[in-house]
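Report on the following structure.
Taken together, the values in this text are just the output of simple stated rules run on the coordinates, not laboratory data. Since we're looking at a predicted model, the values are computed, not measured. In this analysis, Cβ positions are derived from the backbone assuming ideal geometry, glycine residues included, and neighbour counts consider all displayed protein chains.
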Amino acid sequence: MLVNTNLALAIQCNKCHSICTNKITLFQLKNNKYININCTCGEVKARIKTENYKEYRLEIPCFVCEEIHIFKYSLDQLLKGNIVVRCLNGMEICFIGDESDVKELLKKKEEDFTKVLNDLSFYDYFVNNDVMIKIANKIKELKKEGSIICECGENNIGIRLFPDRIELKCLKCEGVQIIYAETIEDYNNLLYRDYIMIHKDMVEYIDRFSYNNDR
Ligand SMILES: [Zn+2]
Ligand SMILES: [Zn+2]
Ligand SMILES: [Zn+2]
């Protein structure tokens with residue numbers, strides 16, 4: 001089977017706000033070394049690296065919320081087709097895929113965009129975009145209030161987004177809390193929580209099953 005390892009990335013620049021398309025080939029990536037994706041204005045729009053040629057880590061300084069978003073893809077996901085990458089407020093910040101599809105998409109950006117995305121078979125990073133956005137916002141709110149804490153006393157907590165879940169990681173010990181974000185029940189479970197406690201040196205899950213059990 002012939003696999004196309006050339007990808008086009010269209011990313012809106014965080015500085016000049018223009019969108020241009022950059023091409024990379026996956027063979028260009030050396031293990032654990034970032035390559036920068038530059039805007040025509042000189043700004044670094046994103047950087048990408050591979051971890052053991054299995055996972056690909058894409059970091060984008062977001063033009064919408066000004067945070068750096070981190071996305072991880074498997075090789076399969078990158079080769080599978082066209083991907084829409086969104087900020088947590090739902091806004092598209094990057095398109096990855098076949099060069100002609102990405103160009104076609106940018107040409108039609110003014111039209112019914114959801115339809116154009118579907119026609120060109122772009123798929124979302126998140127399994128359930130609406131649920132992920134709701135859950136991520138709830139978590140950000142808790143974090144802002146200082147309501148996400150680790151048993152070890154640390155309140156410096158890292159948030160990582162995956163297609164189906166969010167991981168909260170204590171930056172001091174090895175404590176991790178995993179929160180699934182696939183269904184509306186996942187969101188309902190979190191909705192009335194007023195804090196999240198990470199357990200020291202432990203990996204735990206919040207999903208509809210475990211949460212119902214501890215009630
Ligand atoms: Zn720029
Ligand atoms: Zn953002
Ligand atoms: Zn801790």
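Please report the projected area of region 104-190's Cα convex hull averaged over all directions, in nm². Hull-based average projected area comes out at 7.3 nm². With q set to 0.26 Å⁻¹, the log10 of I(q)/I(0) for region 13-72, from the Debye formula over equal scatterers at the Cα positions, is -1.10. Think of the chain as a dipole: +1 on every Lys or Arg Cβ, -1 on every Asp or Glu Cβ, centred on the Cα centre; then among Leu9, Val176, Ile148, Leu9 lies furthest on the positive end.
Ranked by how many other Cβ atoms sit within 10 Å of their own Cβ, fewest first, the residues His17, His69 fall in the order His17, His69.
Note on Asp98, Asp194, Asp112: ascending count of other Cβ atoms within 10 Å places them as Asp194, Asp112, Asp98, the fewest first. Only beta bridges with both residues in region 17-98 are counted; by DSSP, about 95 percent of them are antiparallel. Pairs exceeding a 23 Å alpha-carbon distance, out of Lys33/Lys54; Lys107/Lys134; Lys45/Lys72; Lys30/Lys72: Lys107/Lys134. For the chain, modelled as a GNM whose springs connect Cα atoms under 10 angstrom apart, the maximal fluctuation among Ser147, Ser100, Ser18 occurs at Ser100.
About its Cα centre, the chain has a charge dipole of approximately 640 debye under the convention of +1 per Lys or Arg Cβ and -1 per Asp or Glu Cβ, with nothing else charged. Using 0.36 nm per residue and subtracting the Cα-Cα separation, the extra length available between Asp194 and Lys115 on full extension is 24.6 nm. Measuring nothing but how far apart in sequence close Cα pairs (under 8 Å, 6+ apart) lie, relative to its length, region 129-213 scores a relative contact order of 30 percent.
Considering only Cys87, Cys152, Cys39, give the residue with the highest GNM mean-square fluctuation for the chain, with springs between Cα atoms whenever their separation is below 10 Å. Ranking Cys87, Cys152, Cys39 by mean-square fluctuation puts Cys152 first.
Residue order for Leu105, Leu142, fewest other beta carbons within 10 angstrom first, comes to Leu142, Leu105. Just to be sure I understand the curve: with the Debye formula and one point per C-alpha of the chain, what is log10 I(q)/I(0) at q = 0.08, 0.09, 0.12, 0.14 Å⁻¹? The Debye formula, applied to the Cα set alone, gives -0.32, -0.40, -0.70, -0.92. Label reach from Glu43 (point 7 Å along Cα→C-beta): in region 82-99, amide nitrogens under 16 Å belong to 87, 92-95. Charge dipole of region 129-213 (Cα centre as origin; +1 on each Lys and Arg Cβ, -1 on each Asp and Glu Cβ, all else neutral): 260 debye, rounded to the nearest 20. For region 6-124, what is the relative contact order in percent, using Cα pairs closer than 8 Å and at least 6 residues apart in sequence? Contact order relative to length: 22 percent. Put a plus charge on the Cβ of each Lys and Arg, a minus charge on the Cβ of each Asp and Glu, and nothing anywhere else: the dipole of region 6-124 about its Cα centre is then about 480 debye.
Computed from Cα atoms alone, the Kirkwood hydrodynamic radius reported for region 81-137 is 11.7 Å.
Within the straight-line cut-off of under 17 Å between alpha carbons, the lysines reachable from Lys172 are Lys143, Lys200, sequence neighbours fewer than 8 places apart in one chain being disregarded. With an 8 Å Cα cut-off and a minimum separation of 6 or more residues, compute the relative contact order for the chain in percent. It comes to 13 percent, rounded to a whole number.
Please identify, among Arg47, Arg193, Arg160, the residue showing maximal mean-square fluctuation in a Gaussian network model of the chain using a 10 angstrom Cα cutoff. Fluctuation is largest for Arg193.
Start at zero, step by 5 Å, and the Cα-Cα distances of region 6-124 spread as 2, 12, 23, 25, 22, 12, 3, 1 percent across the bins. For a straight C-alpha distance cut-off of 17 angstrom, the lysines reachable from Lys138 (same-chain residues fewer than eight places away being disregarded) are Lys169.
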